[in-house]
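Read the structure below first, then the notes.
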Amino acid sequence: MRSALLLPASVVLSIPTLVVDSLVLQQMLLQKFIFIKNNSVMNLQLLKQSIDENKIPNDLSVYLKALWHDAKGDWDRAHTIIQDVPDKNASWIHAYLHRKEGDIGNADYWYSKAGRKRPVVSLDEEWEEIVKALL
């Protein structure tokens with residue numbers, strides 16, 4: 001007897017509902033993951049390439065937009081983008097930006113809001129760590 005799984009429309013694009021066995025489902029999800037990974041999802045290398053080419057991708061999250069502008073040397077734009085986003089990821093980026101600015105007291109405040117401690121790594125290493133965490 002083959003087991004079947006009923007998927008909601010949100011799981012399989014353009015198919016309202018579908019009954020498949022688990023092996024077919026695994027294959028479909030793997031193919032979709034590979035497609036997304038190769039064609040749609042930003043990675044560190046592509047982000048750095050966009051920085052080098054001075055072409056900000058349209059589909060970046062608010063977090064990566066801030067980090068993109070920071071990498072381009074536009075601290076003010078990065079800060080403006082991230083300063084009013086009310087979550088821990090934004091607080092981490094906000095902390096990093098104030099650390100980069102040299103305002104350690106303010107940075108430590110934002111690190112605490114992010115649930116983190118000020119790192120001992122270089123600013124470049126922290127930038128990469130944040131990007132990798134948010135990709």
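Every number here is computed from the coordinates shown, using simple stated rules; none is lab data. Since we're looking at a predicted model, the values are computed, not measured. Positions of Cβ are generated from backbone atoms using ideal geometry, with glycine treated the same way; all protein chains shown enter the neighbour counts.
Listing for the model above:
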quantity: Distance violations [Cα-Cα > 24 Å] among Lys72/Lys100; Lys65/Lys88; Lys48/Lys117; Lys48/Lys100; calculated: Lys48/Lys117
quantity: Inter-label distance, nm, simple model (7 Å from Cα along the C-beta direction), Ser122/Tyr109; calculated: 3.0 nm
quantity: Computed lengthening from Asn58 to Thr80, 0.36 nm per intervening residue step minus Cα-Cα distance; calculated: 6.1 nm
quantity: Residue-count net charge about Trp75 - beta-carbon cut-off 12 Å; Lys, Arg +1, Asp, Glu -1; calculated: -1
quantity: Ascending count of other beta-carbon atoms within 10 Å, so fewest first, for Arg77, Arg99; calculated: Arg77, Arg99
